[in-house]
Amino acid sequence: MPLPLPPATRTTTGLAVRSACLLGLLGLLGLLGLLRWRRRLQALRIARWPLVAALVLLQSLVLPLATAQNAELTAFQLVRQDGELNVEFATRVTLPRAVEDALQRGVPMYFVARADLYRSRWYWRDERVARVVRSWRLAYQPITSSWRVSLGGLNQAYPTLAEALASITRSTGWRLADLQQLDGDSRYYVEFTYRLDTTQLPSPMQIGIGGQADWTIQVERSLKLD
């Protein structure tokens, strides 16, 4: 017959058992709570994706429309004259609200036109024969309430924004290449681009505006040389 345990030993053993049970219960409750939070996080992840997809779809639908409204090439032709190949173009530009507001606050804007002359080659990628780039700086002068246009070393002031825009959205007699550079047996074409150059904005303004419709002014055109 086993001997009975002393009272102190029985008390210690009972405390140990109760402590072990309590720790096990706490561990079980913690595991259940972890599983519950895991299910909630999974539900949040699943519910998030339809919203992200909808935002991406909305952006893809809005941006092309805004770009098309902000710039339109109303005239574009290549002219042979006095032994030169010249570019002539006219663009209709509608300034987005963000761009016009920045201009009114004294932030200059830069508009760039570029024309590339290529020779078609069936055996290799097309050869670029010539490139010309023209950059206009448009800025508001609050002291005189006028608009200043700069092209190279030339400056001109205009009383209204509409007149200033008219001077930077068209060009005639813009020399692209000499006709002597062209081979009569080859085929040529010109790629033309007119855009707002946001890379020349102040650095703090460039953060976060990439790809935004309010800062996208661009039109492109390709034309074969007859």
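Might you let me know whether the stretch 94-108 holds any residue that is part of a strand (DSSP E or B) and among the hydrophobic types (A, V, I, L, M, F, W, C)? Taking every residue of the stretch 94-108 in turn, none turns out to be part of a strand (DSSP E or B) and among the hydrophobic types (A, V, I, L, M, F, W, C). Residues in the stretch 160-171 include at least one that is part of a loop (DSSP other than H, G, I, E, B) and of a type outside the set (Lys, Arg).
The test for being touching an Asp or Glu at 6+ places or on another chain (Cβ under 8 Å), more than 21 Å from Ala98 (Cβ to Cβ), buried (at least 17 other Cβ atoms within 10 Å of the Cβ) and not aliphatic (A, V, I, L, M) holds for Ser171. Checked against (1) closer than 21 Å to Ile217 by Cα; (2) aliphatic (A, V, I, L, M); (3) touching a Lys or Arg at 6+ places or on another chain (Cβ under 8 Å), Ala162 passes all but condition (3). Applying the condition of being farther than 28 Å from Ser167 by Cα and of a type in the set (D, E, K, R) to the stretch 118-154 and asking which residue is farthest from the chain's Cα centre (by Cα) yields Arg121.
Scanning the stretch 111-128 for residues that are surrounded by fewer than 19 Cβ atoms within 10 Å (Cβ to Cβ) and part of a strand (DSSP E or B) yields Val112, Arg114, Asp116, Arg119, Glu127, Arg128.
Quick check: anything in the stretch 143-159 in contact (Cβ under 8 Å) with a residue 24 or more places away in the chain, over 23 Å from Asp178 (Cβ atoms) and part of a strand (DSSP E or B)? Looking through the stretch 143-159, none of the residues is in contact (Cβ under 8 Å) with a residue 24 or more places away in the chain, over 23 Å from Asp178 (Cβ atoms) and part of a strand (DSSP E or B). Checking each residue in the stretch 172-208 for being without any contact (Cβ under 8 Å) to a residue 40 or more places away in the chain and outside any helix (DSSP H, G or I) picks out Gly184, Asp185, Ile207, Gly208.
A quick yes/no check of all residues on (1) within 20 Å of Leu196 (Cα to Cα); (2) at pLDDT 95 or above; (3) touching a helix residue (DSSP H, G or I) at 6+ places or on another chain (Cβ under 9 Å); (4) surrounded by fewer than 15 Cβ atoms within 10 Å (Cβ to Cβ):
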residue: Val62; (1), (2), (3), (4): yes, no, yes, yes
residue: Phe76; (1), (2), (3), (4): yes, yes, no, no
residue: Ala90; (1), (2), (3), (4): yes, yes, no, no
residue: Met109; (1), (2), (3), (4): yes, yes, yes, no
residue: Ala130; (1), (2), (3), (4): no, yes, yes, no
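The values are calculated or read from the model by the stated rules, or taken from the named source; none is laboratory data. Predicted model, so just to flag it, every value in this text is computed and none were measured. Here Cβ is always computed from backbone atoms with ideal geometry, including for glycine, and neighbour counts include all displayed protein chains.
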